[in-house]
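The structure appears right after this line, and notes come after that.
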Amino acid sequence: MPGATHVLFHFGLNDLGLPGMTGEPPATAEDLIAGYTALAAKACSAGLTTIGTTMGPYAGTIYPGVDSLEGRAIRREVNDWIRTSTVFDAVVDVAAAVQDPDAPGSIRPDLDSGDHLHLNDEGTRTMADAVDLTYLGL
């Protein structure tokens with residue numbers, strides 16, 4: 001996109017949850033890491049600053065098949081990789097910003113839309129506030 005200077009990578013939960021709704025296995029941590037790495041490399045080669053974000057919590061979601069121990073383990077593994085990887089120029093820890101400190105796999109109750117997967121308006125503000133605007137040169 002002409003004029004773009006930064007790319008914010010924020011995705012992954014659908015890769016973990018949607019396959020469970022159809023009986024398919026979720027993407028593996030290796031698949032997600034390879035995808036993030038390939039996309040970040042393309043962005044870097046185009047001269048763009050890359051900002052990775054961790055995947056938010058979703059334990060106890062109301063959607064059948066979405067919440068699995070396997071998916072949560074993959075999310076934790078990928079998030080750990082995002083936090084420690086040098087693939088991105090910067091990292092925003094969305095998971096830490098919105099998780100329930102008493103149940104880290106879950107969204108904080110005051111930030112939950114009610115389905116335990118999506119953030120409410122305050123949760124969205126909390127996620128946005130986790131972005132350090134200096135990453136964007138602002």
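Which of the following residues is among the small types (Gly, Ala, Ser), surrounded by 20 or more Cβ atoms within 10 Å (Cβ to Cβ), under 14 Å from the mean Cα position of the chain (by Cα) and over 27 Å from Thr22 (Cβ atoms): Gly71, Gly56, Gly52?
Details: Gly71 fails: over 27 Å from Thr22 (Cβ atoms); Gly56 fails: over 27 Å from Thr22 (Cβ atoms).
Going through Gly71, Gly56, Gly52 in turn, just one is among the small types (Gly, Ala, Ser), surrounded by 20 or more Cβ atoms within 10 Å (Cβ to Cβ), under 14 Å from the mean Cα position of the chain (by Cα) and over 27 Å from Thr22 (Cβ atoms): Gly52.
When the stretch 96-105 is examined, which residues are found to be in a loop (DSSP other than H, G, I, E, B) and at pLDDT below 95?
First, pick out the residues of the stretch 96-105 that are in a loop (DSSP other than H, G, I, E, B): 101-102.
Once the filter is applied, which keeps residues that are in a loop (DSSP other than H, G, I, E, B) and at pLDDT below 95, the stretch 96-105 yields nothing.
I'm trying to understand the selection: among the residues of the stretch 52-82, which are modelled with pLDDT under 85 and aromatic (Phe, Trp, Tyr)?
Tyr63
Within the stretch 106-113, is even one residue closer than 15 Å to His10 by Cβ and part of a helix (DSSP H, G or I)?
no
Could you check, for the stretch 118-133, whether at least one of its residues is farther than 30 Å from Pro2 by Cβ, touching a residue at least 40 places away in the same chain (Cβ under 8 Å) and either outside any strand (DSSP E or B) or more than 12 Å from the chain's Cα centre (by Cα) (or both)?
Yes: the stretch 118-133 contains one or more residues that are farther than 30 Å from Pro2 by Cβ, touching a residue at least 40 places away in the same chain (Cβ under 8 Å) and either outside any strand (DSSP E or B) or more than 12 Å from the chain's Cα centre (by Cα) (or both).
Going by the conditions given, is Tyr36 closer than 30 Å to Gly137 by Cβ, of a type in the set (Ser, Thr, Tyr), surrounded by 19 or more Cβ atoms within 10 Å (Cβ to Cβ) and without any contact (Cβ under 8 Å) to a residue 60 or more places away in the chain?
Answer is yes for this residue.
Would you be able to tell me the number of residues in the stretch 83-117 that are surrounded by 16 or more Cβ atoms within 10 Å (Cβ to Cβ), out of contact with any Phe, Trp or Tyr (no Cβ under 6 Å at 6 or more places or on another chain) and either of a type in the set (Gly, Ala, Ser) or free of Cβ contacts under 8 Å to residues at least 24 places away in the same chain (or both)?
Qualifying residue count for the region: 7.
The values are calculated or read from the model by the stated rules, or taken from the named source; none is laboratory data. Computed from a predicted structure; not experimentally measured. Positions of Cβ are generated from backbone atoms using ideal geometry, with glycine treated the same way; all protein chains shown enter the neighbour counts.
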